[in-house]
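Input: a single structure, listed below in structure tokens.
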Amino acid sequence: MERLIGTVSMGVRAPIIREGDDIASIVVESVVAAAKSANLTVKDKDVIAVTESVVGRAQGNYASVDDIATDIHAKFGNDVIGVIFPILSRNRFAICLRGIAKGAAMGSKKIVLMLSYPADEVGNHLISWDDVDEKGLDPYSDVLSEEKYRGLFGERRHPFTGVDYVAYYKELVESCGCECEIVLANNAWNILSYTKSVLTCDIHTRERSKRLLKAEGAKIVLGMDDILTSPVNGSGYNETYGLLGSNKATEDTIKLFPRDCQPVVDAIQKGILEKTGAHVEAMIYGDGAFKDPVGKIWELADPVVSPAYTAGLEGQPSELKMKYLADNDFKNLSGEELKAAISAEIRKKDAAIEAQKKDTTKSALKGQMVSEGTTPRRLTDLIGSLCDLTSGSGDKGTPIIWVQGYFDNYTK
């Protein structure tokens, strides 16, 4: 019978994950149990994905506000700290800011907090672009004090959370015994008019911010990825991403982005093979790389979509632009003749890719998948986004996602 269903993404329920649990074994057992209960078969090239949050929890990768404070004070000493470009998030950044403020309170007792406007890096808006245009501001050159911001815009609350983040962040810093001066600007070097010691909190533009600050003569330049890169008083840590990708766990602790993830995905792949005989691909996923067109929020607050994945998920998809072929090369074909033509095109493409892989003179492309006529994206970004959308962020109880048919094409 002709196959009529393509890619299927399924959330797999799992027990509550606790610190010290064998996360790979739980994933394997959960998928096997789900397959049995739904009368499904695990197949070669299926993708088994698990969210980073439960991996970090199983690892016990936690740190406290005091751990953050200790590391901040060790790295900034008694200097006034310029904290620039944080995202507007109670879950992602507020608890980190408490730790930063407590660290500053051990030294200079002052933070200059520089917020980008009209929105943060991931699309949370303090004000709208219409507001900016109406007031005749140039956000690429105009620096606003808190007083000027209030004079222009008054009290502005986030449309989804109802929070006035300027007031919220300032009060949070002051509650830690630290003075807080608010500045709104979009050039990293603007902070150097206030202090030469800077913690840049942007995620995907952090390397540029660091480079610009150093070029303009900053004394200390660190990013969120430079804080808690090693244990503090036995705390969790992430040697690659530091505080980036962390989430609020309790009122006084954060769960850090997981570390040492490759052994986890390798163990999942091996465990599924042993239990089912199927060679699957496995990955750990965080925020998907998509943007909400209404709220204007870009979901990717984690440093990467996937911190670890098996080898079969390397590279880009191998795809043909079906709608282009249907409207152009094969516009006069239909029925079985159209199917045969598309199948021949896919076989030609697959042969070209295999030849490319074997051609050692094209070493830069060797081992990479090719996306013909489609927007080039990494497999892990695409599949991770699919998984994040499937699992959601609420109470579905499905931290494991099982994807079937992702690598199928028109001939399979």
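The values are calculated or read from the model by the stated rules, or taken from the named source; none is laboratory data. If you're wondering where the values come from, they're calculated on a predicted model, not measured in any experiment. For neighbour counting, all protein chains shown are included, and Cβ atoms are generated from backbone atoms with ideal geometry for every residue, glycine included.
Of all residue pairs spaced 6 or more apart or on separate chains, those with beta-carbon atoms under 7 Å, a first member in the stretch 155-173 that is without any contact (Cβ under 8 Å) to a residue 12 or more places away in the chain and a second member that is of a type in the set (Lys, Arg) and buried (at least 17 other Cβ atoms within 10 Å of the Cβ) are 164/156. For the stretch 233-245, indicate whether the set of residues that are of a type in the set (Gly, Ala, Ser) and within 20 Å of residue 400 (Cα to Cα) is non-empty. Yes: the stretch 233-245 contains one or more residues that are of a type in the set (Gly, Ala, Ser) and within 20 Å of residue 400 (Cα to Cα).
Residue count for the stretch 1-56 under the criterion of being among the basic types (Lys, Arg) and more than 19 Å from residue 310 (Cα to Cα): the result is 4. The residue that is modelled with the lowest pLDDT, among those in the stretch 89-132 that are assigned to a helix (DSSP H, G or I), over 13 Å from residue 202 (Cα atoms) and among the basic types (Lys, Arg), is 90. In the stretch 71-82, the count of residues that are outside any strand (DSSP E or B), under 21 Å from the mean Cα position of the chain (by Cα) and closer than 20 Å to residue 206 by Cβ is zero. Set side by side, the residues 69, 38, 34 differ, and just one is on the phi < 0 side of the Ramachandran plot and in contact with a helix residue (DSSP H, G or I) (Cβ under 8 Å, 6 or more places away or on another chain), which is 69.
So, of the residues in the stretch 20-31 that are in contact with a helix residue (DSSP H, G or I) (Cβ under 6 Å, 6 or more places away or on another chain) and more than 18 Å from residue 383 (Cα to Cα), which turns out to be surrounded by the fewest Cβ atoms within 10 Å (Cβ to Cβ)? In this case the residue turns out to be 21. Of all residues in the stretch 226-255, those being over 17 Å from residue 75 (Cα atoms), in contact with a Gly (Cβ under 6 Å, 6 or more places away or on another chain) and of a type in the set (Asp, Glu) number 0. Condition first: small (Gly, Ala, Ser), more than 30 Å from residue 397 (Cβ to Cβ) and either without any contact (Cβ under 8 Å) to a residue 24 or more places away in the chain or not in a strand (DSSP E or B) (or both). Can you find one or more residues in the stretch 27-45 that meet it? No; the residues of the stretch 27-45 include none that is small (Gly, Ala, Ser), more than 30 Å from residue 397 (Cβ to Cβ) and either without any contact (Cβ under 8 Å) to a residue 24 or more places away in the chain or not in a strand (DSSP E or B) (or both). Can you find, within the stretch 173-216, the residue that is farthest from the chain's Cα centre (by Cα) among those that are part of a helix (DSSP H, G or I), of a type in the set (Gly, Ala, Ser) and crowded, with 20+ Cβ neighbours inside 10 Å? The qualifying residue farthest from the chain's Cα centre (by Cα) is 188.
Residue-wise test of (1) farther than 26 Å from residue 238 by Cβ; (2) surrounded by fewer than 20 Cβ atoms within 10 Å (Cβ to Cβ); (3) of a type in the set (Asp, Glu); (4) at pLDDT below 90.
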residue	(1), (2), (3), (4)
265	no, no, no, no
285	no, no, no, no
301	no, no, no, yes
304	no, no, no, no
311	no, yes, no, no
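Restricting attention to the stretch 237-269, the residues that are among the small types (Gly, Ala, Ser) and within 24 Å of residue 207 (Cβ to Cβ) total 3. Pick out the one residue from 14, 24 that is outside the structural domain of residue 244 (by TED's automatic domain parsing), modelled with pLDDT under 95 and over 25 Å from residue 408 (Cα atoms). Within the list 14, 24, the selection yields 14.
Yes/no per residue for (1) hydrophobic (A, V, I, L, M, F, W, C); (2) not assigned by TED's automatic domain parsing to the domain that holds residue 93:
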{"position": "251", "(1), (2)": "no, no"}
{"position": "265", "(1), (2)": "yes, yes"}
{"position": "269", "(1), (2)": "no, yes"}
{"position": "279", "(1), (2)": "no, yes"}
{"position": "283", "(1), (2)": "yes, yes"}
{"position": "289", "(1), (2)": "yes, yes"}
{"position": "292", "(1), (2)": "no, yes"}
{"position": "298", "(1), (2)": "yes, yes"}
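Table: residues versus (1) more than 29 Å from residue 102 (Cα to Cα); (2) in a loop (DSSP other than H, G, I, E, B); (3) β-branched (Val, Ile, Thr).
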residue	(1), (2), (3)
218	no, yes, no
225	no, no, no
235	no, yes, no
258	no, yes, no
282	yes, no, no
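Output the residue which, of all residues in the stretch 136-148 that are in contact with a helix residue (DSSP H, G or I) (Cβ under 7 Å, 6 or more places away or on another chain) and either over 18 Å from residue 123 (Cβ atoms) or polar (S, T, N, Q) (or both), is surrounded by the fewest Cβ atoms within 10 Å (Cβ to Cβ). Among residues in the stretch 136-148 that are in contact with a helix residue (DSSP H, G or I) (Cβ under 7 Å, 6 or more places away or on another chain) and either over 18 Å from residue 123 (Cβ atoms) or polar (S, T, N, Q) (or both), the one surrounded by the fewest Cβ atoms within 10 Å (Cβ to Cβ) is 143. With respect to the conditions (1) more than 30 Å from residue 113 (Cβ to Cβ); (2) not β-branched (Val, Ile, Thr); (3) not in a helix (DSSP H, G or I), residue 24 lacks only one, and its number is (3).
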